[in-house]
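Undergrad: This is the structure I have questions about; it appears just below.
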Amino acid sequence: MPSVKKLQLSFSGGEVTPEFFGRADDSKYQSGLASCRNFIVKPQGPVENRAGFGFVREVKDSAKRTRLIAFTYSTTQTMVIELGAGYFRFHTQGATLLAGSPAAYDAGHAYVIGDLVSDAGANYYCTAPTTGNAPPDVSYWYLLPASGEYEAPNPFAEADLFDIHYVQSADVLTLVHPNYPPCELRRLGATQWVLQDISFTPGIAAPAAPTVTAAGSSGAAINHYYVVTAMDADNVRESPASTAGSVSSNLFQTGCTNTIAWATVTGASRYNVYKQQGGLYGYIGQTDGLSIVDDNISPDMSKTPPIYETVFDGPGKYPAAVSYFEQRRCFAGTTNKPQNLWMTKSATESDMSYSLPVKADDRIAFRVAAREANTVRHIVPLSQLLVLTSSAEWAIVPINSDAITPDTTSVRPQSYVGASNVQPVIVNNTLLYSAARGGHARELAYNWQASGFVTGDLSLRAPHLFDTYRIVDMAYAKAPIPLVWMVSTSGDLLGLTYVPEQQVGAWHRHDTDGAFESCAVVAENEEDVLYCIIRRSVNGQEVRYVERMASRYITSPDNAFFVDSGMTYAGAPAKTISGLDHLEGKEVSILADGGVHPRQVVTDGSIHLEHEASVVQVGLPITAELATLPIAMQIDSAFGQGRPKNINQVWLRVFQSSGIFVGPSLDRLTEAKQRTDEPYGSAPALKTEEIAIRTTPSWSDGGQVYVRQSDPLPLTVVALTVEVALGG
């Protein structure tokens with residue numbers, strides 16, 4: 001029977017739905033995959049099995065759902081916040097924050113990032129350089145998994161955790177939820193975190209009513225009314241106006257004056273004085289004293305006392321969305337006013353004051369007038385301010401101005417899809433979010449041809465990953481691979497390799513012995529690192545673990561980390577590896593000095609190797625599998641459809657790989673023999689070459705190829721060539 005060769009140069013199409021198998025005409029077909037399980041699609045086209053997750057710590061209460069939030073304090077200090085019912089915990093570099101620094105240190109040594117110091121049975125990890133001849137600063141040290149941790153309290157209930165929206169500015173994390181007053185988690189120090197409600201009052205009291213006296217007045221007199229405001233210590237925030245003080249005098253008479261006096265206000269640096277004219281109060285002067293003289297000063301009616309609107313002051317009035325835009329903090333979506341949006345006074349965090357007449361830097365407040373009820377769920381700052389509601393996407397744009405002000409604001413609809421409550425992510429200048437209904441992932445980006453923002457369905461070719469499920473959490477990693485991570489109610493972790501400027505959007509799915517529940521990404525060293533909360537069943541108990549994805553950068557086989565909930569032993573050669581209590585009763589994969597050891601069951605927190613090893617990776621097994629799409633070649637008018645096919649041989653071009661199984665189905669796999677001239681007892685070398693595998697003959701209608709990696713070893717498939725025999 002005739003046979004032909006077919007080459008798949010790229011896998012950048014990612015996993016596609018079985019409903020797509022007949023679309024050989026689609027541009028993504030030749031680079032797509034029928035299955036991409038625990039493999040990551042790289043933007044250049046190859047696929048690599050994902051790195052494993054290292055165990056960090058069990059959450060405080062495994063009986064309750066818990067969430068992760070990223071926090072970036074500086075380029076060298078980032079944290080993942082464990083947001084639980086009633087508490088915050090803090091993790092970084094695979095470690096958990098503990099109040100204190102190691103007492104045992106070398107006073108003459110300048111510590112650098114990554115240094116470890118052991119003290120009283122605990123290991124401390126250095127996260128920032130220290131100065132020689134000085135004790136390590138407490139803010140530089142984090143406890144590696146052991147006993148003890150630092151916590152900060154919060155009022156949030158378990159049921160509300162995943163509906164909390166947040167935004168960070170410097171060392172302040174703003175959190176909002178419609179059932180709670182808006183609040184700030186402030187980092188005062190490495191082990192000083194304080195959660196406090198946001199005060200929208202000026203922070204300085206209004207002066208008491210001024211006393212006004214006239215001098216040199218005679219003849220016809222009129223009433224003059226004055227109010228006074230106090231400026232705070234920074235001369236930034238202005239108090240509400242005092243009650244009016246008045247006097248009857250004739251200021252048009254030569255020599256007549258009115259003296260306005262008031263009592264001291266605690267914390268005030270200066271005072272502003274306003275005089276009434278035409279029903280409003282206009283500015284006549286400022287002083288750091290307690291009185292001012294009016295000798296018929298004409299009030300400046302362009303500057304009037306601030307008026308403070310009472311906002312977010314009770315149930316039904318708390319916002320559900322928050323962000324920053326053009327030097328203003330923005331809030332939206334209260335229960336009583338679901339379509340309203342509030343923006344603070346320019347260059348302030350919580351000043352909700354305005355003046356009459358309105359000034360450009362006053363607070364902004366308006367309602368999105370829509371055809372149907374739209375609860376504002378997200379506020380997203382791109383080149384324009386975007387507002388995502390439950391049934392539409394809107395752009396807030398200025399009219400006849402470069403900036404949004406109270407009298408230049410315009411609200412324009414961009415599309416009518418709607419967003420779910422999952423916090424979106426921004427990739428370059430594109431917004432990715434979960435649709436309000438159907439669970440699909442969507443992108444929203446500016447399109448110059450449409451003169452507005454256009455949304456598209458990123459799940460179009462892979463709806464099987466989303467239909468009947470919901471996305472519950474999202475995170476974005478920029479380096480080394482641009483990846484959007486999404487946690488699904490299926491328990492899977494969905495990955496999207498996303499480079500929109502190159503039209504790369506490839507889906508892959510990841511599972512583990514358990515269910516993914518939350519995710520967050522922070523920068524650590526030179527990579528963006530994924531942290532997840534994973535629900536597992538261990539020793540008959542349901543537990544929830546914080547776990548951290550290891551780096552995929554491999555310098556030698558012994559530092560390959562391809563196990564989940566894993567731990568690393570590095571030290572003197574040993575046969576017994578302990579400290580595995582979190583995996584009690586579980587069967588684990590073992591990589592010892594780069595070689596795969598038989599799987600074992602953890603007993604009393606330990607395993608026993610057949611041979612001593614110095615570097616051992618132990619954790620739950622990961623099975624990575626990929627399957628090609630049914631073969632479609634232009635060998636006849638039907639692209640080879642309707643003809644049985646048999647895969648005779650497969651050539652895999654791989655990069656730094658080992659432990660490869662290939663076949664025509666998952667139950668008929670053949671191992672690629674890789675050991676060549678390595679010394680007996682040593683681990684096989686990682687291969688970077690084209691490997692030929694003669695597969696078990698099997699006729700089928702699709703001629704698909706399956707690749708599996710079930711050992712704790714790396715596998716990167718660069719290209720795949722098959723020799724396929726065609727039946728009549």
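Undergrad: For Thr405, state whether it is over 26 Å from the mean Cα position of the chain (by Cα) and over 15 Å from Leu444 (Cβ atoms).
TA: So Thr405 passes the test.
Undergrad: Please count how many residues of segment 40-61 are open to solvent by less than 10 Å² (accessible area, probe 1.4 Å), more than 16 Å from Ile81 (Cα to Cα) and part of a loop (DSSP other than H, G, I, E, B).
TA: Residues meeting the conditions: 4.
Undergrad: Across segment 479-491, which residue is least open to solvent (accessible area, probe 1.4 Å) among those that are in a loop (DSSP other than H, G, I, E, B) and more than 14 Å from Ile40 (Cα to Cα)?
TA: Here is the first cut: in segment 479-491, the residues in a loop (DSSP other than H, G, I, E, B) are 479-482, 489-491.
From the residues that got through so far, the ones that are more than 14 Å from Ile40 (Cα to Cα) too are 489-491.
Numbers: Thr489: 67, Ser490: 49, Gly491: 8 Å².
Checked segment 479-491; the qualifying residue least open to solvent (accessible area, probe 1.4 Å) is Gly491.
Undergrad: Something else: Go through (1) open to solvent by less than 60 Å² (accessible area, probe 1.4 Å); (2) among the aromatic types (Phe, Trp, Tyr); (3) at pLDDT below 95 and name the single condition Tyr545 misses.
TA: Here Tyr545 meets the rest and fails (3).
Undergrad: Something else about it: Considering segment 254-271 alone, what residues qualify as being within 14 Å of Ile297 (Cα to Cα) and part of a strand (DSSP E or B)?
TA: Thr257, Asn258, Thr259, Ile260
Undergrad: I've got another one for you. Considering segment 576-615 alone, what residues qualify as being more than 18 Å from Pro712 (Cβ to Cβ) and either open to solvent by less than 30 Å² (accessible area, probe 1.4 Å) or part of a strand (DSSP E or B) (or both)?
TA: Thr576, Thr603, Gly605, Ser606, Glu612, listed by residue number.
Undergrad: Moving to a separate point now. Determine the pairs where a residue that is among the aliphatic types (A, V, I, L, M), located within segment 209-222, has a partner that is at pLDDT 95 or above and assigned to a loop (DSSP other than H, G, I, E, B) with Cβ atoms under 7 Å apart, the partner being 6 or more residues away or on another chain.
TA: Ala209/Ser242; Ala209/Thr243; Ala209/Ala244
Undergrad: Can you confirm whether Glu547 is without any contact (Cβ under 8 Å) to a residue 40 or more places away in the chain and not aliphatic (A, V, I, L, M)? Give the steps one after another, and end with the answer.
TA: Values: without any contact (Cβ under 8 Å) to a residue 40 or more places away in the chain: no; not aliphatic (A, V, I, L, M): yes.
Answer is no for this residue.
Undergrad: Only residues that are open to solvent by less than 60 Å² (accessible area, probe 1.4 Å), over 16 Å from Met549 (Cβ atoms) and touching a strand residue (DSSP E or B) at 6+ places or on another chain (Cβ under 9 Å): list them for segment 62-78, please. Talk me through it step by step, then tell me what you get.
TA: Of the residues in segment 62-78, the ones open to solvent by less than 60 Å² (accessible area, probe 1.4 Å) are 62, 66-71, 74, 77-78.
Now narrow it down to the ones that are over 16 Å from Met549 (Cβ atoms): 62, 66-67, 69, 71, 74, 77.
Within segment 62-78, Ser62, Thr66, Arg67, Ile69, Phe71, Gln77 qualify.
Undergrad: Within segment 326-339, track down each residue that is within 22 Å of the chain's Cα centre (by Cα) and surrounded by 18 or more Cβ atoms within 10 Å (Cβ to Cβ).
TA: If the condition is that a residue be within 22 Å of the chain's Cα centre (by Cα) and surrounded by 18 or more Cβ atoms within 10 Å (Cβ to Cβ), then Arg328, Arg329, Cys330, Phe331, Ala332, Gly333 are the ones that fit.
Let's see how each residue does on (1) acidic (Asp, Glu); (2) within 30 Å of Val662 (Cα to Cα):
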| position | (1), (2) |
| --- | --- |
| Asp25 | yes, yes |
| Ile40 | no, yes |
| Asp61 | yes, no |
| Ala70 | no, no |
| Tyr87 | no, no |
| Thr96 | no, no |
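Undergrad: Restricting to segment 284-302, and then to whatever is open to solvent by less than 70 Å² (accessible area, probe 1.4 Å) and closer than 11 Å to Thr259 by Cβ, can you tell me which residue is farthest from the chain's Cα centre (by Cα)?
TA: Asp294
Undergrad: Quick check on Ala99: is it hydrophobic (A, V, I, L, M, F, W, C), at pLDDT 95 or above and surrounded by fewer than 16 Cβ atoms within 10 Å (Cβ to Cβ)?
TA: Answer is no for this residue.
Undergrad: While we're on this one: Of all residues in segment 616-628, count the ones that are open to solvent by 10 Å² or more (accessible area, probe 1.4 Å) and among the hydrophobic types (A, V, I, L, M, F, W, C).
TA: 1
Undergrad: Further question on the same structure: Anything in segment 30-39 that is open to solvent by 10 Å² or more (accessible area, probe 1.4 Å) and within 16 Å of Trp485 (Cα to Cα)? List them, or say none.
TA: If the condition is that a residue be open to solvent by 10 Å² or more (accessible area, probe 1.4 Å) and within 16 Å of Trp485 (Cα to Cα), then Arg37 is the only one that fits.
Undergrad: Can you name the number of the only condition in (1) closer than 24 Å to Gln656 by Cα; (2) open to solvent by 50 Å² or more (accessible area, probe 1.4 Å) that Asp513 fails?
TA: (1) is the only condition that Asp513 fails.
Undergrad: Among the strands (runs of 3 or more DSSP E) lying completely within segment 496-575, list those that include at least 2 residues that are touching a helix residue (DSSP H, G or I) at 6+ places or on another chain (Cβ under 7 Å), under 20 Å from Arg470 (Cα atoms) and among the charged types (D, E, K, R).
TA: Passing ranges: none, list empty.
Undergrad: Quick check on Thr497: is it among the polar types (S, T, N, Q) and crowded, with 20+ Cβ neighbours inside 10 Å?
TA: Taking the combined requirement at face value, the residue satisfies it.
The values are calculated or read from the model by the stated rules, or taken from the named source; none is laboratory data. Values in this document were obtained by computation on a predicted structure and should not be read as measured data. Virtual Cβ from ideal backbone geometry, glycine too; neighbours counted across all protein chains shown. Side chains included, ligands, DNA and RNA excluded: accessible areas come from the protein's heavy atoms. Shrake-Rupley method; radii C 1.70, N 1.55, O 1.52, S 1.80 Å.
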